Every structure is written in C-alpha cells, then in structure tokens.
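The structure under discussion appears below in the form of structure tokens.
The values are calculated or read from the model by the stated rules, or taken from the named source; none is laboratory data. Model, not experiment: these values are computed from the prediction. Cβ: placed from backbone, ideal geometry, glycine included. Neighbour counts: every protein chain shown.
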Amino acid sequence: MVPKTLTTDTVEFMNVAIGYSCDGYLQFEVSNSHHGNKISTSKIEDVPTRMVKAMSLSDLTKKYVCKSEYSLVCDIEGAELEMLRRDGGALKKCKCLILETHPSVFSEMGSSVEEVMDLIAAAGLKIVARDQDVLVALRD
C-alpha cells in the first residue's frame with residue numbers, strides 16, 4: 001500500500017546502474033527476457049551487450065538524495081550482495097528497502113541469503129516481510 005499518490009514530484013527514475021566498476025560503466029547483457037538483462041559475465045562473443053553508466057549507492061545518494069530519506073527498490077541480479085558488503089553505510093537514510101534476492105547467484109559467490117539479511121540488519125533496517133525471493137525492510 002502506497003500512502004500517497006506517486007507523481008514525478010515524488011519519484012525520480014534514473015538511468016544508472018548501481019555498480020562498483022573502476023571506469024563508471026558496467027557491461028549488461030541485452031535480452032528479450034527481463035531476466036536476461038543482467039551484468040555480463042559471459043565470455044561468449046555473440047551475446048549482445050550494452051554499456052550502462054554505473055554509480056555506487058553512496059555516490060547516487062550524495063548526488064540525488066542529499067538530506068532527505070529515500071526508498072530503494074533493488075533487483076540487480078545478484079549485485080545486491082556486493083552493494084551491501086561495500087556500501088551498506090549508504091543505507092543510513094533509506095527508510096524502505098525492497099530487495100530481490102538471488103540465492104543461486106549468492107551461492108556461486110560463496111554467500112547466502114542469510115548474509116544478505118544480516119547485512120540489511122547491520123545497516124539498521126528490519127526485515128518486515130518476505131515473499132519468495134523478495135525482502136521488505138524498514139527503518140524504525
């Protein structure tokens with residue numbers, strides 16, 4: 001349930017990926033399936049890709065959020081773990097986090113959904129709902 005009507009005055013969509021590459025861009029695989037659009041790890045040359053501007057969550061919040069609170073909807077195909085590990089402090093102004101987990105990707109990275117949940121708690125957010133792979137966390 002949304003407490004008020006969302007308008008362009010209250011919501012801003014940004015064409016930027018949350019990422020931690022050195023050059024400020026990430027290579028994304030392009031697919032007709034929304035599940036296929038992801039950070040490219042493929043060594044296959046015929047997989048179509050596109051370079052996408054990337055910013056850390058800290059840089060994104062410094063540039064766009066300033067002093068206000070924000071909500072974050074995060075489905076970044078497994079990169080949520082890196083964001084929480086490297087940039088959990090940027091969540092200090094986050095009042096609502098909706099995050100899709102990717103258990104198989106986390107497992108490939110030697111981690112788990114439990115680590116993600118621990119990192120969310122360490123950032124001062126409380127998980128209040130979970131539906132399959134989606135977590136909702138709020139700040140008290």
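Observations
- Within the range 110-140, the residues that satisfy the criterion of being out of contact with any strand residue (DSSP E or B) (no Cβ under 6 Å at 6 or more places or on another chain), among the hydrophobic types (A, V, I, L, M, F, W, C) and loosely packed, with under 15 Cβ neighbours inside 10 Å are 121, 122.
- Residue-level check: of (1) modelled with pLDDT under 90; (2) under 17 Å from residue 139 (Cβ atoms), residue 119 misses just (1).
- Matching residues in the range 99-109 - criterion: being surrounded by 15 or more Cβ atoms within 10 Å (Cβ to Cβ) and either among the acidic types (Asp, Glu) or within 15 Å of residue 71 (Cβ to Cβ) (or both): 99, 100
- Under the condition of being in contact with a strand residue (DSSP E or B) (Cβ under 7 Å, 6 or more places away or on another chain) and charged (D, E, K, R), the residues counted in the range 73-101 number 6.
- Those strands (runs of 3 or more DSSP E) lying entirely in the range 4-100 with at least 1 residues under 30 Å from residue 118 (Cβ atoms), modelled with pLDDT of 85 or more and hydrophobic (A, V, I, L, M, F, W, C): 49-55, 70-74, 94-100
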